[in-house]
1. Restricting attention to region 104-128, report how many residues are crowded, with 16+ Cβ neighbours inside 10 Å, in contact with a Lys or Arg (Cβ under 9 Å, 6 or more places away or on another chain) and basic (Lys, Arg).
2. Give the residues of region 39-70 that are within 17 Å of residue 10 (Cβ to Cβ), modelled with pLDDT of 90 or more and either in a loop (DSSP other than H, G, I, E, B) or out of contact with any Pro (no Cβ under 8 Å at 6 or more places or on another chain) (or both), sorted by residue number.
3. Filter region 141-150 down to residues that are open to solvent by less than 20 Å² (accessible area, probe 1.4 Å) and in contact with a helix residue (DSSP H, G or I) (Cβ under 9 Å, 6 or more places away or on another chain) and give me whichever is farthest from residue 85 (Cα to Cα).
4. Only one of (1) open to solvent by less than 50 Å² (accessible area, probe 1.4 Å); (2) under 20 Å from residue 146 (Cβ atoms); (3) not in a helix (DSSP H, G or I) fails for residue 25. Which number is that?
5. So in region 71-90, with the set limited to residues that are among the polar types (S, T, N, Q) and modelled with pLDDT of 85 or more, which one is nearest to residue 108 (Cα to Cα)?
6. Across region 91-103, what is the number of residues that are surrounded by 19 or more Cβ atoms within 10 Å (Cβ to Cβ) and either at pLDDT 95 or above or hydroxyl-bearing (Ser, Thr, Tyr) (or both)?
7. Looking at the structure I just gave you, is residue 60 open to solvent by 20 Å² or more (accessible area, probe 1.4 Å), out of contact with any Ser or Thr (no Cβ under 6 Å at 6 or more places or on another chain) and touching a residue at least 60 places away in the same chain (Cβ under 8 Å)?
8. Please name all residue pairs, on different chains or six or more residues apart, with Cβ atoms under 6 Å, provided the first residue is in region 95-108 and is more than 10 Å from residue 66 (Cβ to Cβ) and the second residue is open to solvent by less than 60 Å² (accessible area, probe 1.4 Å) and in a helix (DSSP H, G or I).
Amino acid sequence: MSKVLLISSGLKHSQDFSDIYVQKLSKYLEKKCDVLDIRHIDNFDERTFFAYDQVVFCFFVALNSIPSSTLEIFQKLESQQKSAHIYTLVICDEFECEKCDTSLKIIQNWCQHEKLEYKGDIRIGSCLTIMKTNNRFIVCNQIKKFANAIIKDIDIHLSVTLPNEKTFLKTANKYWSKEIKKKHKQKQKAGNS
């Protein structure tokens with residue numbers, strides 16, 4: 001009988017980047033757990049935290065640090081009696097998954113300070129482009145492993161990114177070219193209105 005809470009605790013502007021990964025994780029979890037709840041930072045009530053066995057913080061990392069919205073959750077929960085096991089799904093737009101390490105250390109330190117058991121994490125690099133390549137299957141398999149570990153309540157530490165920097169640069173250049181063209185078209189439409 002597992003009750004899992006997914007907290008999409010990234011900044012509002014980064015929710016678009018992390019939503020696809022949160023949805024994948026929830027898809028794999030909802031098949032196997034009794035209760036699955038997904039909360040975004042704007043509708044998170046700290047009282048809900050206490051009703052769950054496992055809590056998964058999901059967020060996008062920029063500049064190697066934890067989002068301020070996640071820190072706000074930590075402040076709300078400070079010094080309250082808690083017993084959930086903590087997992088983290090952290091994504092970054094960098095090729096190297098190591099860019100997520102600082103934020104993971106912050107969460108681990110918070111867990112230690114609050115006497116919570118930190119059970120594991122999945123770090124996903126190249127998040128803006130990896131799901132647009134054939135490597136999305138590898139990402140989905142890793143997320144599935146992560147979900148199974150959450151259900152079984154076991155320790156796990158995974159990381160996944162594009163296979164090499166050349167692939168990263170190629171897909172990133174395509175992604176940003178499309179984004180620039182989109183923004184240019186939006187500006188032209190706004191100018192013609």
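1. Residues that pass the stated criteria total 1.
2. 55, 56, 57, 58
3. 143
4. Here residue 25 clears every test but (3).
5. The extreme case among them is 88.
6. Residues flagged as surrounded by 19 or more Cβ atoms within 10 Å (Cβ to Cβ) and either at pLDDT 95 or above or hydroxyl-bearing (Ser, Thr, Tyr) (or both) within region 91-103 amount to 1.
7. no
8. Hits for this filter: 95/168.
The values are calculated or read from the model by the stated rules, or taken from the named source; none is laboratory data. Owing to the predicted nature of the structure, the values given are computational and were not obtained by experimental measurement. Methodologically, a virtual Cβ is constructed for each residue, glycine included, from the backbone with ideal geometry; neighbour enumeration extends over all protein chains shown. Heads up: the accessible areas ignore ligands, DNA and RNA and are worked out on the full protein's heavy atoms, side chains in. Shrake-Rupley method; radii C 1.70, N 1.55, O 1.52, S 1.80 Å.
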